[in-house]
Amino acid sequence: MKTLNLGGAALALAFAATGALAQDVVRLASEGAYPPYNFINDATGELDGYERALGDALCERAGLTCEWVINDWDTIIPNLVAGNYDAIMAGMSITEARMEVISFTQNYLLPEASAYVALAGADVSVRDSGVIAAQSNTIQAGHVAASGADLLEFPTPDETIAALRNQEADAVLADKAFLVPYVTDSNGELEFLGDDVLLGGGIGMGIRQSDDALRATFDAAIAEMKADGSLNALISEWFGDEAALYE
Amino acid sequence: MFSFCSDPSVLSGLPWFVCYLTSATHLDFYRAFGVVMLLLVVTAPAALAIGMGGAMAIRARFAPLSLLGKAYVNIARGVPDIVFFLFVPIALGQGIEYVLHHINCPDWDQPIRQGNDFLVCREAKMPPIGAPAWVRDAYAFGMAVLAFALVFGAFVANTLHGAMQAVPHAQIETAEAYGMTRAQAFRRIVLPQMWVYALPGLSNIWQILIKATPLLFLLGIQDVVYWARELGGQKTTLYSYPHPDWRMWYFLALLGFYLFLTWLSERGFGWLTLRLSHGQATAEGERMRRAAA
């Protein structure tokens, strides 16, 4: 038994060295609560959204077998580092602070607009002096904390909108693509407040710093999808015609 | 689930609700109730066993064992539950992988901790690489049960130890006077009688265990609270069943569920108390004796 395991270890080392991971199941983590990036489809019960579609496409190109895991946003980085899964695709912006803990592939969404949303008729000045709700551990929360406004944090993005409706918060700061459906569905109850703000270095796949082989694999697959236009097609499908596309 | 649910966007009124409440995510929600019940059913005996061991360790005449029992009971009771629940699965999970790593891969030359990363060789991964999803779920659930059983076992140990002390000492002395050994006296006199003294304490712990089940969410298990929050949140038109913020109704349903469990266990414990009081040297036992006479 022992010799068998030793053989396996040698084999594993050889595979790690050549970067051949094909026989492995690569586990991808997502939050499943951030439409249209990632959400749980209520008709099928499966993870759905832009990142699900993109992740499946990337795995197919790279010849990997992938499996999705739903993980709470607040513990999504610690669980990656602990080795419970291999990569994060959860609308995670590439930031300096996160780069200290994990590494990222090149972005698969351009740095995009974040926007403030408030109840109709709110004054723009609340952006700097009011109470702003944001999801905890996001670049938006960091942005509010650095501004003069008071930050009100929630573990899930949906709760920020509920807080706005209850008037616990004067406005919500989040990715614009997440907010658009809420504003259009609200029949004028909610509206965007002032201009958009650009935060972060785009959205990329989070990978353990020691896992260079996997990062290189996904990097190549993303570059390939950028080159042949299939990434742009996916972006338009999920974020509409106005979304920023790769050149 | 039903054939008329294939296109929810054209439905309204009752059919919409029927389809909505039987959607795939709702079936997961209902399954989560089963998970909570399963946790209770598995954890309660496990905590009772650990508690029994703890109580007997505290009573042991061998000093180190008694000290170990006391240390366990006091540490597990003193540390906040939430810290314990976060600590046990991570520490235990990494501990198992660490040990497996040293057994299976003795000639691995890279450090296990590389910066922030915890890295062990492929053979040491738990659950094993490529394990099907249900194995991973069962592993996570097992960790949760262990964390719950360790925390609640400490409370049970304390309660059982108190109950053992409450059995009238004169009876034990009498048993020993009849020539029983310490172990025999414990088995024949203390063990059968202590339960009636332990019951009020145990019923408290059971209720607290019921209330603590939402902590499952912390351990990455999608329990009823996770689903109530996920399903109750506003759903935009991107979803098949758009609706406004309904979290209040979902949490109300949870409230009903937990109250029902409480009512059920109150009845269960009432019945047990009645049964165990039979022929006991307690006020209840005496009342029953007089009523029968």
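Within a straight-line Cα-Cα reach of under 17 Å, B:Lys125 can be paired with the following lysines, leaving aside sequence neighbours fewer than 8 residues apart in one chain: A:Lys2. Axis of helix B:81-104 versus longest Cα principal axis of chain B: the two differ by about 90°, to the nearest ten degrees. Sorting the segments A:140-149, B:224-233, B:90-99 by their residues' average number of neighbouring beta-carbon atoms within 10 angstrom, most packed first, yields B:224-233, A:140-149, B:90-99. So if we plug the beta-carbon distance of A:Thr95 and B:Val99 into 1/(1 + (r/R0)^6) with R0 = 45 Å, what FRET efficiency do we get, rounded to 0.05? Efficiency, from the Cβ-Cβ distance: 0.80. Sorting B:Glu284, A:Glu159 from the fewest to the most surrounding beta carbons within 10 angstrom yields B:Glu284, A:Glu159.
Express the relative contact order of chain B as a whole percentage, based on alpha carbon pairs under 8 Å and six or more residues apart in sequence. 21 percent.
For a test of the definition: using alpha carbon positions, the gyration tensor, and the 1.5 limit on a/c, classify chain B as rounded, prolate or oblate. Oblate shape, in that a/c is at least 1.5 and b/c is the bigger or equal ratio. Ignoring lysines fewer than eight residues from A:Lys176 along the same chain, the ones with Cα atoms less than 26 angstrom from its Cα are A:Lys226, B:Lys235. Classify the range A:113-197: rounded, prolate or oblate, from the alpha-carbon gyration tensor (a ≥ b ≥ c, eigenvalue square roots; a/c under 1.5 rounded; otherwise prolate if a/b is larger than b/c)? Since a/c stays below 1.5, the shape of the range A:113-197 is classed as rounded.
Between the C-alpha center of the range B:33-91 and that of the range A:95-121 there is a gap of 43 Å.
Stretched out straight at 0.36 nm per residue, the stretch from B:Glu284 to B:Thr174 would grow longer than its current Cα-Cα span by 37.3 nm. Cross-link reach is defined here as a Cα-Cα straight distance under 28 Å, omitting same-chain residues fewer than 8 places apart; for B:Lys211 the lysines meeting it are B:Lys70.
What the Cβ-Cβ distance of A:Asp185 and A:Thr44 gives, at R0 = 22 Å and to the nearest 0.05, is a FRET efficiency of 0.55. Note on the protein assembly as shown: dipole from Cβ charges, positive end direction compared against B:Trp263, B:Phe33, A:Ala141; the farthest Cα belongs to B:Trp263. Take each residue of peptide B:99-107, count the partner chain Cβ atoms within 10 Å of its Cβ, and average: the result is 3.
Here each label is just a point 7 Å from Cα along the line to Cβ, and for B:Ala131 and B:Asp109 those points are 3.1 nm apart.
By how many degrees, 0 to 90 and rounded to 10, does the Cα axis of helix A:2-18 deviate from the longest principal axis of chain A? Approximately 60 degrees, to the nearest 10.
Taking other Cβ atoms within 10 Å as a rough exposure proxy, A:Ser210, B:Ser23 sort from fewest to most as A:Ser210, B:Ser23. Taken along the Cα-to-beta-carbon direction at a fixed 7 Å, the label points for B:Leu252 and B:Lys70 span 5.3 nm. For chain B, the longest principal axis of the alpha carbon atoms and the long axis of helix B:283-292 meet at an angle near 80°.
Evaluated with a Cβ-only charge set (Lys, Arg +1; Asp, Glu -1), the range B:4-124 carries a dipole of roughly 780 debye about its Cα centre, given to the nearest 20. Site pair A:Asp56 and B:Ile82 shows an inter-label distance of 3.8 nm when each label is modelled 7 Å from Cα along Cα→Cβ. Counting only other chain Cβ atoms within 10 Å of each residue's Cβ, the peptide A:41-48 averages 6. Taking amide H positions as modeled 1.01 Å from N, with prolines and chain starts lacking one, the residues under 5 Å from A:Gly202 and 5 or more places away or on another chain are A:Ile94, A:Glu112.
Bear in mind that the values in this text are calculations on the coordinates, not laboratory data. Note that the structure is predicted; figures quoted are calculated from it, not measured. Note: ideal-geometry Cβ built from the backbone for every residue, glycine included; neighbour counts use all protein chains shown.
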